[in-house]
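Q: The structure under discussion is supplied below as structure tokens; questions concerning it will follow.
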Amino acid sequence: MLGRVMEEASTARPLVEVEDLRVHFPVYRGTVLKRKAAVVRAVDGVSFAIARGETLGLVGESGCGKSTTGRALMRLVPVTSGNIRFDGEDLLSLRGEVLRRKRRHFQMIFQDPYGSLDPRMTVFDIVAEPLLAHGMGGPDLRDRVQSMLERCGMNPRYIRRYPHEFSGGQRQRVAIARALILEPSFVVCDEPVSALDVSIRAQVLNLLVELQRDLGLTYLFIAHDLAAVRHVSDRIAVMYLGRIVELSPAAEIYRRPAHPYTQALISAVPIPDPRAEADRQRIVLEGDVPSPLAPPRGCRFHPRCPRFASLGAVQKARCREEEPLLRVLGDGRQVACHHVD
Amino acid sequence: MIRFVLRRILGIFPILLVVFTFSFVLMRVAPGGPFDAEKPVPPEVKRNLELRYRMREPWCEARFLPALQGVRSPDEERALRRASPWASRAERVCTGLFQYGWMLGNYVRGDFGPSYKYKDRSVNEFIRAGMPVTLQLGLLAVTFALGIGLVAGLVAAVYQNRWPDHLAMIAALLGISVPNFVLGPVLILVFSLGLLWFPPARWESLSHVFLPGLTLGSAYAAYVARLTRGGMLEVVRQDFIRTARAKGLPERLVILRHALRGGLLPVVSYLGPAMAALFTGSIVVERIFNVPGMGRYFVDAAINRDITLAMAVVVVNAVFLLVANLVVDVVLGILDPRVRYE
């Protein structure tokens, strides 16, 4: 199941292993007599592994399940089935106080720095609270909070201020300090820059890369925009409707996208050169993403697939009937499509 | 913060002046006077009463309607006024201005003047007698409202759409819908006449305060419960609650430290006017439990056309409302740094 790259690259065990992860949300109908009317298959059979010190990018459209995957890894949403191993330990079997204590080893940086910080707490309280919650306070608490903030590019003089007094970029720095002060080994970055001004995105991305290098962090880096993850990721997984359709080294996915969906995504990235941009061939997908309440049978992408139309009748039938699994191509790329060689 | 509070305290006085002026004008404009009795008093007596209580100003009469001074009967006065309407109006306005100045001067000195109805007592005496009772009752009612309401709302929010929530919200619906004049007698029946736990009426010891306090506070407790639940549910959906859980905070702290502080904001906003209403008395509860509080004076004063007493009650109510709202604004500032001033 795991990629060949992984097997070759690391003799040690990956830090995070995800196997056939499913997160389904029930939808209830009726006000008095509640009954389960349907299930949203937000994440529907996702497998990957992340090596120590690696950054795995996770991209896909809104609603494809990438944030839910991240939250499931953090044990913030109930997992329907599957396996998550963190540092060899079965994460899904933990609960209550044991889980709470374990949380300091895996942390999450949320997308919206306006909503994810308690508006009624000072920066100091926000950053110090995780330490206190894990009994890691002490006489040098203030110094540790200040040095963490400084490391994240915040002026430590501001620790008595409230989140609303800062810009989005500064708040995200506070959020990063909040997540990293526990010295976690694994961090899920859930679109950490998409709520920020374009002008400061690069700063925050560079900060994250720098911190990863200095602290030896392992990242799952979620984004809806391929350009943002390209420079920070070692490998990139592309999600569509709750499943991974392609998982390849970052450079490869750009140069030779294998899955038709990845090709469409790549073709949508503008090129910062007017002449090349004018020649850019865009693959425009038809229609909307199908509802995760009732994903299409067979290959989930086939109703929108640009390659589907050019296939023969037998091949089309296969797309409609048989769900493609992630296959390892010769060069370390993994792709879930019947018609890629 | 201190400057804000000082500025707000200074701002109370102009508002009080407006309230005072407005209620004074309304009282003067309203038909009928405190000395219009069903069985008329002799005109001389009535005239002397009106002079004593500044309903009549000799200087104004001499200036605008000199003929009035020799008049003996109400019919004569009415005829005279009808004969020269403009002079009559001018005389009334003049008298009104005199009375306004006189009353305002008294108010500034903290003197609400004599009661027009109970001629041997001043309005201050009424307030001094009724206010402590009303304050005690109100304080207990607020305690009930917060104690019961906050806990019920918190439990309802934590167990949203499960049976504790449904139970609390049904109780809240009852608390809001059952009027005081039903709840009071029911409580008396059960706890006084049935279980013999509390006295049914009068105002003597702490146990006398319990039932009226509960009756008065129940509707407020119900509102507080609903507001707490609503406020909490709104906050619990926000991102920083997920952050708090991801931090590894125990669930108890997630609720108490992060969710409750934000969820309390609507409750605090509501408590300002609610406390003002509770501290100015309730006629219904006072009647049922025979409590000698402020509420009945308000109604009696209006019925008796007792101008000074009615105005004093209005102004005291306004003071309570303004102070309560000031306290609320300060507490909101403490709870939510984003609404802090300056």
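The values are calculated or read from the model by the stated rules, or taken from the named source; none is laboratory data. The model shown is predicted, which means the values in this text are computed figures rather than measured ones. Positions of Cβ are generated from backbone atoms using ideal geometry, with glycine treated the same way; all protein chains shown enter the neighbour counts.
Q: Among all residue pairs at least 6 apart or on different chains, which show Cβ distances below 9 Å where the first residue, located in region A:133-147, is away from every other protein chain (no Cβ under 14 Å) and the second is surrounded by fewer than 11 Cβ atoms within 10 Å (Cβ to Cβ) and outside any loop (DSSP other than H, G, I, E, B)?
A: So the pair list comes out as A:146/A:157.
Q: Looking at (1) aromatic (Phe, Trp, Tyr); (2) buried (at least 17 other Cβ atoms within 10 Å of the Cβ); (3) more than 14 Å from chain A (Cβ to nearest Cβ), which is the only condition residue B:197 fails?
A: That leaves (2) as the condition not met.
Each row is one residue, and each column tells you yes or no for (1) touching a Lys or Arg at 6+ places or on another chain (Cβ under 8 Å); (2) crowded, with 22+ Cβ neighbours inside 10 Å; (3) at pLDDT 85 or above.
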| position | (1), (2), (3) |
| --- | --- |
| A:30 | no, no, no |
| A:46 | yes, yes, yes |
| A:57 | yes, yes, yes |
| A:63 | no, no, no |
| A:67 | no, yes, yes |
| A:70 | no, yes, yes |
| A:79 | yes, no, yes |
| A:94 | yes, no, yes |
| A:97 | no, no, yes |
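Q: Scan region B:155-172 and give yes if some residue there is assigned by TED's automatic domain parsing to the domain that holds residue B:324 and touching a Leu at 6+ places or on another chain (Cβ under 7 Å), otherwise no.
A: Yes, there is a match, as at least one residue in region B:155-172 is assigned by TED's automatic domain parsing to the domain that holds residue B:324 and touching a Leu at 6+ places or on another chain (Cβ under 7 Å).
Q: Would you confirm whether any residue within region B:264-281 is in contact with a helix residue (DSSP H, G or I) (Cβ under 9 Å, 6 or more places away or on another chain), within 14 Å of chain A (Cβ to nearest Cβ), closer than 21 Å to residue B:142 by Cβ and not in a helix (DSSP H, G or I)?
A: Yes, region B:264-281 has at least one match.
Q: Sticking with this one: Filter region B:298-339 down to the residues that are within 14 Å of chain A (Cβ to nearest Cβ) and among the small types (Gly, Ala, Ser) and list them by number.
A: Once the filter is applied, which keeps residues that are within 14 Å of chain A (Cβ to nearest Cβ) and among the small types (Gly, Ala, Ser), region B:298-339 yields only B:333.
Q: Quickly run through region A:81-102 and pick out the residues that are within 12 Å of another protein chain (Cβ to nearest Cβ), touching a residue at least 24 places away in the same chain (Cβ under 8 Å) and hydrophobic (A, V, I, L, M, F, W, C).
A: Within region A:81-102, A:99 is the sole residue that qualifies.
Q: Can we say residue B:218 is assigned by TED's automatic domain parsing to the domain that holds residue B:170, part of a helix (DSSP H, G or I) and at pLDDT below 75? Quick ask: steps written out before the conclusion?
A: Values: assigned by TED's automatic domain parsing to the domain that holds residue B:170: yes; part of a helix (DSSP H, G or I): yes; at pLDDT below 75: no.
No; evaluated as a whole, the condition is false for this residue.
Q: Oh, and also: So residue B:203 fits all but one of (1) hydrophobic (A, V, I, L, M, F, W, C); (2) surrounded by fewer than 20 Cβ atoms within 10 Å (Cβ to Cβ); (3) part of a helix (DSSP H, G or I); what number is the exception?
A: In the conditions (1) hydrophobic (A, V, I, L, M, F, W, C); (2) surrounded by fewer than 20 Cβ atoms within 10 Å (Cβ to Cβ); (3) part of a helix (DSSP H, G or I), residue B:203 misses (3) alone.
Q: Name, by its number, the condition in (1) within 17 Å of residue A:41 (Cβ to Cβ); (2) more than 22 Å from the chain's Cα centre (by Cα) that does not hold for residue A:325.
A: (2)
Q: Which residue, of A:264, A:278, is over 17 Å from the mean Cα position of the chain (by Cα), farther than 21 Å from residue A:110 by Cα, at pLDDT 85 or above and outside any loop (DSSP other than H, G, I, E, B)? First the steps, then the outcome.
A: Working: A:278 fails: at pLDDT 85 or above.
Of the residues listed, the single one that is over 17 Å from the mean Cα position of the chain (by Cα), farther than 21 Å from residue A:110 by Cα, at pLDDT 85 or above and outside any loop (DSSP other than H, G, I, E, B) is A:264.
Q: Given (1) within 27 Å of the chain's Cα centre (by Cα); (2) part of a loop (DSSP other than H, G, I, E, B); (3) surrounded by 14 or more Cβ atoms within 10 Å (Cβ to Cβ), identify the lone condition not met by residue B:120.
A: Of everything listed in (1) within 27 Å of the chain's Cα centre (by Cα); (2) part of a loop (DSSP other than H, G, I, E, B); (3) surrounded by 14 or more Cβ atoms within 10 Å (Cβ to Cβ), residue B:120 misses just condition (3).
Q: Report the residue count in region B:235-263 for those that are more than 10 Å from chain A (Cβ to nearest Cβ) and within 29 Å of residue B:323 (Cα to Cα).
A: 3
Q: From the set of residues in region B:282-293 that are part of a helix (DSSP H, G or I) and touching a residue at least 24 places away in the same chain (Cβ under 8 Å), which is farthest from the chain's Cα centre (by Cα)?
A: Filtering region B:282-293 for residues that are part of a helix (DSSP H, G or I) and touching a residue at least 24 places away in the same chain (Cβ under 8 Å), the one farthest from the chain's Cα centre (by Cα) comes out as B:288.
Q: Additional query: Exactly one of these conditions fails for residue A:340: (1) out of contact with any helix residue (DSSP H, G or I) (no Cβ under 8 Å at 6 or more places or on another chain); (2) part of a helix (DSSP H, G or I). Give me its number.
A: (2)
Q: Any residue that is surrounded by fewer than 18 Cβ atoms within 10 Å (Cβ to Cβ) and either more than 12 Å from chain B (Cβ to nearest Cβ) or closer than 20 Å to residue A:59 by Cα (or both) - is there at least one of those in region A:185-193? Outline the logic, then answer.
A: Step one: of region A:185-193, the residues surrounded by fewer than 18 Cβ atoms within 10 Å (Cβ to Cβ) are none.
Within region A:185-193, none of the residues are surrounded by fewer than 18 Cβ atoms within 10 Å (Cβ to Cβ) and either more than 12 Å from chain B (Cβ to nearest Cβ) or closer than 20 Å to residue A:59 by Cα (or both).
Q: On to the next question. Taking the stated definitions as given, is residue B:190 in a helix (DSSP H, G or I), closer than 22 Å to residue B:256 by Cα and either at pLDDT 80 or above or in the same structural domain as residue B:296 (by TED's automatic domain parsing) (or both)?
A: No, not satisfied.
Q: Also, quick follow-up: Considering only residues that are out of contact with any Leu (no Cβ under 6 Å at 6 or more places or on another chain), in a helix (DSSP H, G or I) and facing another protein chain (nearest Cβ under 10 Å), which ones fall in region A:103-125?
A: Scanning region A:103-125 gives A:103, A:105, A:125.
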